[in-house]
Every structure is written in C-alpha cells, then in structure tokens.
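The values are calculated or read from the model by the stated rules, or taken from the named source; none is laboratory data. Worth saying up front: this structure is predicted, and the values here are computed from it rather than measured. Please note: Cβ atoms are built from the backbone with ideal geometry, for glycine as well, and neighbour counts cover all protein chains shown.
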Amino acid sequence: MADGQGDKPSTDVTTAADLEDLYPGNKSEQRFLKQCFASFVSQRVKTLEEKASTASPATFSLDLCVVDPSFQRRGIANKLVEWGLVEAKRRGELESTTEGSAMGRFVYQKLGFKPVKEVVYDVDAEFQDRKLPPNLFMRTGTVA
C-alpha cells in the first residue's frame with residue numbers, strides 16, 4: 001500500500017495461520033477458510049488500496065474485538081473500541097475501519113462508525129449451504 005504506513009493488508013489467511021495445523025490433511029476445509037477470510041477482509045483491502053494514493057493513506061483497523069459472554073453487557077466492548085479510536089487519533093487522526101458482527105455493529109455505530117457494506121462470502125458451490133455469520137464493513141471516515 002503506502003510506504004512507511006504500516007503493514008500491507010492481505011486477503012491470504014495463510015499469512016496469519018497455518019491451515020494444516022487447524023485442519024490437518026483436510027484440503028477442503030482449508031480452501032473454505034481461505035475463501036471466507038478473503039471475503040471477510042476484501043472491503044478493508046479495497047478501502048486501503050483506494051486510500052493509498054490520497055493525502056492521508058494510513059488507516060487504523062480494529063480487528064476482532066471479542067468479549068467473553070460471561071462479561072458482556074458491562075461496557076467492555078465500548079471501552080475496547082474507545083481505546084482503538086484514541087490510538088488512531090494518537091497516531092495522527094487516522095480513519096478507523098472494522099468488520100462489525102450482528103451484535104457488535106451497534107457498539108461501533110454508537111462510537112461513530114458508519115456502515116459501508118455487508119460482507120458477501122464468495123465461496124465455492126460445495127460450501128454454499130453453510131451458514132456464515134453476518135458482518136458489516138464499517139469506517140469512521142467519509143462513506144461514499
């Protein structure tokens with residue numbers, strides 16, 4: 001993306017996880033995970049590619065904020081997201097992005113994230129009958 005502006009995002013899950021460790025010998029499940037991950041982050045990567053040539057090419061991505069169910073409804077998610085927004089501001093007033101789950105998107109919206117696009121999972125026909133979680137790509141900056 002933009003030189004000196006953090007790590008280049010990837011739609012390749014194998015940069016973060018060893019799929020053979022997760023699904024030993026199961027090439028079908030490994031392929032499914034690759035397709036789900038690529039679909040999940042595709043809008044984030046597209047946004048970063050678009051921003052790379054702008055005056056403000058950096059973006060702060062909040063990634064997988066999760067609260068244990070036994071600790072939910074105590075404001076912890078709110079505090080986690082607030083921390084991310086403060087960090088983005090500290091790093092130069094950076095725009096923030098995230099993928100919000102059906103439960104989490106309301107926390108993000110309360111804190112200024114705007115909905116952009118529902119995640120569409122582009123998976124092979126053999127996986128089409130699997131139930132996949134709804135996620136919404138969101139950002140704090142201008143939404144076209």
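Couple of notes before you dig in:
- Extreme residue, nearest to the chain's Cα centre (by Cα), among residues of the stretch 51-71 that are modelled with pLDDT of 90 or more and part of a helix (DSSP H, G or I): 69
- Counting only residues that are closer than 19 Å to residue 64 by Cβ, assigned to a loop (DSSP other than H, G, I, E, B) and free of Cβ contacts under 8 Å to residues at least 60 places away in the same chain, the stretch 86-144 holds 9 of them.
Rundown of residues vs (1) closer than 25 Å to residue 128 by Cα; (2) over 14 Å from the mean Cα position of the chain (by Cα); (3) in a loop (DSSP other than H, G, I, E, B); (4) hydrophobic (A, V, I, L, M, F, W, C), yes/no style:
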site: 11; (1), (2), (3), (4): yes, no, yes, no
site: 14; (1), (2), (3), (4): yes, yes, no, no
site: 36; (1), (2), (3), (4): yes, no, no, yes
site: 49; (1), (2), (3), (4): no, yes, no, no
site: 73; (1), (2), (3), (4): no, yes, yes, no
site: 77; (1), (2), (3), (4): no, yes, no, yes
site: 81; (1), (2), (3), (4): no, no, no, yes
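- When residue 39 is tested against (1) surrounded by fewer than 17 Cβ atoms within 10 Å (Cβ to Cβ); (2) under 15 Å from residue 137 (Cα atoms), exactly one condition is not met: (1).
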